[in-house]
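S.K.: Pasting a structure here, questions to come.
The values are calculated or read from the model by the stated rules, or taken from the named source; none is laboratory data. Keep in mind the model is a prediction, meaning the values are calculated, not measured. Every residue, glycine among them, receives a Cβ derived from its backbone with ideal geometry; neighbour counts consider all protein chains shown. Note: areas computed on protein heavy atoms with side chains; ligands, DNA, RNA excluded. Shrake-Rupley method; radii C 1.70, N 1.55, O 1.52, S 1.80 Å.
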Amino acid sequence: MRKSYFSGRFPNPVPSTNLLLDDGADFKQFEPFEGEADAAPRAPPPGAEPLQVVDINMKKAFNEGNHFTNEYMTNLLVVRRGQQFVIDVSCNRPLQPEDDFQVEFLIGSDPTPNKDSMVVVTFGNRSGGSWGGQILGSQGAVVSLGITPHPRAIVGLYRTYVAVSTGNGMQRTEKNPNTNLYVLFNPWSQDDEVFYPDDAGRWEYVLNSTGIIYQGTSNQVSERGWVFGQFEAGVLDACIYILDVCRMPIESRGDVIKVLRTASAMINSQDDNGVLVGNWGEDFSMGVAPTTWTGSAKILLQYHNTGAPVSFAQCWVYAGVLNTFMRCLGIPARVITNFNSAHDNTGNLKTELIFMADGSPDRRRTRDSIWNYHCWNEAYIKRVDLPPKYSGWQVVDATPQETSDGFFRCGPAPVIAVKDGELYHPFDCGFVFAEVNSDLVHMKSDKYGNLSPFKVDTTYVGILIYTKAMGGWSPENVTHTYKYPEGSPQDQQTMAKAEEFGMSRDHSELPETKLALAVRADPRPLGETVNVMVTFYNQSEQHKTVKAHLEVSIAYYTGVVSQSFRSEDFSLQVPSFQKNSAMFDITPQEYMPHLGSKAGLHIVVTGQTETDKVSEIMVVALNPPPINISLSGRPQVNQEMYVTVSFKNSLQMTLYNAKLVIEGAGLLEHREFHYNTIGPFAEISQKVKFSPQKPGLRTIVAVLDSQNLPEVTAMVEVKIMP
């Protein structure tokens with residue numbers, strides 16, 4: 001086993017020594033260091049016996065209140081770096097001025113002082129490691145020690161020892177798992193790279209264990225509750241295990257940028273046996289459907305317990321679990337939803353949709369896609385590797401899309417760099433820029449297959465970017481943090497700068513058109529007829545005959561069409577400077593057989609005259625029947641309460657393979673209930689007893705998911721008294 005050495009100057013009368021330490025060993029009480037010759041102990045001074053450590057009290061309740069870590073469900077002390085914590089050391093006698101001792105903190109299997117994985121804390125005039133130490137006082141044989149981890153200390157689980165200097169070496173306490181402690185990032189410390197400047201933000205982005213993830217479409221935003229559960233029992237160990245699995249060097253775990261890069265890669269299993277397996281199809285028989293998850297804790301605990309990737313995830317699941325990882329370790333984090341998100345834009349700002357000569361979409365030749373929404377994360381950190389301007393919110397994305405430095409990961413990319421088009425900064429700014437700024441280029445194909453653009457939409461992609469508002473349950477629009485107003489001088493400057501850094505746009509000169517098209521369809525409850533109005537506007541002096549095409553499909557939220565069930569040609573006469581409309585009814589008898597677990601109708605309309613060609617895309621979300629949650633009982637810690645979740649199937653069809661999931665951080669562990677069928681107009685109800693474990697504002701999330709009904713979600717909040 002490799003050895004390492006450290007030395008220190010001891011106050012008189014203890015001579016200076018060079019001490020040999022076995023990195024991998026756990027040390028016995030009152031044994032000399034390995035390699036030192038056994039020697040008779042020095043005779044104690046008159047009236048004093050040799051100092052011995054009897055007990056170490058980690059003062060868990062006192063410290064965790066000061067460090068905002070009392071929510072963690074663990075028997076071990078959890079502290080934050082850059083901030084003092086206190087331990088009491090009980091000895092066999094009161095401390096004397098000539099006594100010399102040190103506290104040692106070891107992390108990893110091969111701790112060494114030169115990598116800060118073995119930290120020596122001293123309390124006299126003898127120099128120690130990078131952590132600060134102070135004797136705060138004593139009462140009899142008990143001495144109180146204040147210890148301050150360095151603001152860039154390694155994050156993880158440390159072992160604690162107290163060593164007393166003797167005449168022939170150091171006497172070290174035995175290994176005691178109860179004195180292990182976790183050291184986390186500290187957003188309360190101005191010296192830490194994750195410092196967040198106000199209490200409201202720290203509560204929301206670090207301490208809040210429940211959130212909202214936005215889904216749906218830009219004109220019909222929906223939401224689902226997500227239990228981050230960063231304080232639940234075992235979750236902290238699971239997050240550290242993620243870093244262990246990929247063998248992230250211990251000495252790198254104090255660097256928040258490296259931790260974020262690693263986590264972005266490890267939350268997906270694409271190339272490193274990470275946490276989650278992605279699946280954007282319809283067969284989830286070998287795992288759990290992404291729509292069924294209510295939170296992160298069960299996923300992380302399963303991964304920790306089995307060591308095998310968990311099936312299955314889509315973008316919001318990746319974002320929810322990565323958010324839990326970051327908040328658990330003390331990194332301020334939030335989930336972001338980008339509506340109309342461009343994907344697979346390999347180094348350019350063009351997302352091309354191809355239409356055949358008759359106006360119908362050419363699915364075979366269309367390679368790019370626009371997702372109805374895409375979820376990623378932001379982490380709030382100081383970018384010590386960049387000028388101060390680039391500190392603050394950084395995009396971090398665990399959904400596997402493109403490789404970055406050999407792994408499927410993305411970020412941290414400074415949001416301000418994305419907004420200003422400064423894409424040369426690390427990491428992956430160009431990819432994020434394309435997701436929110438790509439131009440949607442409509443291409444027409446002639447009978448020979450030649451393509452030419454007829455429409456470029458610069459506003460469609462990244463039209464709306466949401467996150468949960470601080471301290472509330474409403475959305476916060478953060479679009480302005482990613483992009484300047486469309487067409488403004490700053491926007492034009494940003495796009496020009498992005499092109500300077502290699503991003504290419506479409507600069508084709510499009511033919512002038514005097515024809516405009518609008519498609520309107522109001523949101524409807526699932527199971528009802530959807531009314532679609534198609535309107536053509538003739539802005540010329542000539543009467544126009546418009547040959548039009550309507551296609552209605554069932555599509556995944558990723559924009560990929562799974563089933564096209566209606567394709568129709570029609571024509572309209574549009575007089576000069578007037579408009580004309582056509583109405584289409586899409587009945588439930590048409591769309592319900594194809595719906596599956598997806599709730600979106602993808603509508604494409606094209607129209608052309610002898611001189612003009614126009615097209616529009618619209619996604620209509622269908623609202624499923626609601627579920628209801630009610631609470632009863634005494635809202636107090638350790639008192640019995642009940643949650644009742646009910647659902648009535650208002651549809652004229654049977655639901656198959658339904659699963660009801662209920663979960664609440666600090667309230668109720670993940671619970672599942674299965675139903676083979678729920679018949680038309682049938683009602684189900686589940687009443688679950690629980691005892692709150694923690695006081696404060698708490699939330700319960702419920703999800704009902706089935707084989708042929710999009711997931712239905714609901715939340716309820718309750719204030720639990722101590």
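S.K.: Carbon and sulfur: what percent of segment 590-685's accessible surface (1.4 Å probe)? Before the final figure, lay out the partial values.
M.R.: Values: 1830 of 4120 Å².
Accessible surface attributable to carbon and sulfur in segment 590-685 totals 44 percent.
S.K.: Within the chain, which whole H helices from DSSP have a Cα span along their axis of at least 20 Å and a mean Kyte-Doolittle hydropathy of -1.0 or more, if any? Walk me through the numbers on the way to the answer.
M.R.: Numbers: long enough: 315-329 (21 Å, 1.08).
Correct list, ordered by number: 315-329.
S.K.: Using modelled backbone amide H atoms (1.01 Å from N, in-plane), which distant-in-sequence or interchain residues come within less than 5 Å of VAL310's amide H?
M.R.: For VAL310, the qualifying residues are LEU276, VAL277.
S.K.: Sticking with this one: Of the heavy-atom accessible surface of segment 280-325 (probe 1.4 angstrom), what whole percent is carbon and sulfur?
M.R.: Numbers: 760 of 1390 Å².
Whole-percent figure for carbon plus sulfur exposure: 55.
S.K.: Then there's this: Which order do the peptides 695-706, 458-469, 379-390 take when ranked by the mean count of other beta-carbon atoms within 10 Å per residue, highest first?
M.R.: Details: 695-706: 21.8, 458-469: 20.1, 379-390: 17.2.
Highest to lowest by the protection proxy: 695-706, 458-469, 379-390.
S.K.: Cα convex hull of segment 160-256: how many Å³ per residue? Could the numbers behind the result be given before it?
M.R.: Values: hull volume 18.7 nm³, N = 97.
In segment 160-256, the Cα convex hull volume per residue is 193 Å³.
S.K.: Given LYS60/LYS258; LYS444/LYS468; LYS447/LYS483, which pairs have Cα atoms separated by over 32 Å?
M.R.: Details: LYS60/LYS258 29 Å; LYS444/LYS468 40 Å; LYS447/LYS483 39 Å.
Check vs 32 Å cut-off fails for LYS444/LYS468; LYS447/LYS483.
S.K.: Enumerate the calculated ³J(HN,Hα) couplings along segment 617-622 in order (Karplus 6.51 cos²θ - 1.76 cosθ + 1.60, θ = phi - 60°), each rounded to whole Hz, writing x wherever the residue is Gly or Pro.
M.R.: 10, 9, 10, 10, 8, 10
S.K.: Further, regarding this structure: Leaving out ligands and nucleic acids, note down the accessible area per residue over the chain with a 1.4 angstrom probe, in whole Å². Could you put the intermediate results ahead of the total?
M.R.: Numbers: 29420 Å² over 722 residues.
In whole numbers, the chain has 41 Å² accessible per residue.
S.K.: For GLY132, enumerate residues with amide H under 5 Å from its amide H, sequence gap 5+ or separate chain, H modeled in the peptide plane.
M.R.: THR148, HIS150
S.K.: Moving on to the next point. Return the Cα extents of segment 114-196 along principal axes one, two and three, sorted largest first, each rounded to a whole Å.
M.R.: So the extents along the principal axes, rounded to whole Å, are 46, 26, 26.
S.K.: Could you run the Karplus curve 6.51 cos²θ - 1.76 cosθ + 1.60 with θ = phi - 60° over segment 187-192 and give me ³J(HN,Hα) per residue in whole Hz, x for Gly and Pro?
M.R.: 3J(HN,Hα) across segment 187-192, in whole Hz: x, 8, 9, 5, 8, 8.
S.K.: Rolling a 1.4 angstrom probe over the protein chains, ignoring ligands and nucleic acids, what is the accessible area of SER488 in square angstrom, nearest 10?
M.R.: Here the accessible area works out near 20 Å².
S.K.: Separate question: I need the peptides 491-500, 556-565 ranked by packing, meaning the mean over residues of other C-beta atoms within 10 angstrom, with the highest value on top. Before the final figure, lay out each step's value.
M.R.: On the way: 491-500: 15.7, 556-565: 17.4.
The packing order, highest mean first, is 556-565, 491-500.
S.K.: Can you list the residues, at least 5 places off or on another chain, whose amide H is less than 5 Å from the amide H of SER562, using H built in the peptide plane?
M.R.: For SER562, whose amide H was placed from the backbone, the distant partners under 5 Å are ILE554, ALA555, TYR556.
S.K.: With each run of n ≥ 4 DSSP H residues scored as -39500 (n - 2.57), what mean residue ellipticity at 222 nm is computed for the chain after dividing by its residue count and rounding to the nearest 500 deg cm²/dmol? Write down the numbers at each step before the final one.
M.R.: On the way: 11 runs with 98 residues, N = 722.
Computed ellipticity for the chain at 222 nm equals -4000 deg cm²/dmol.
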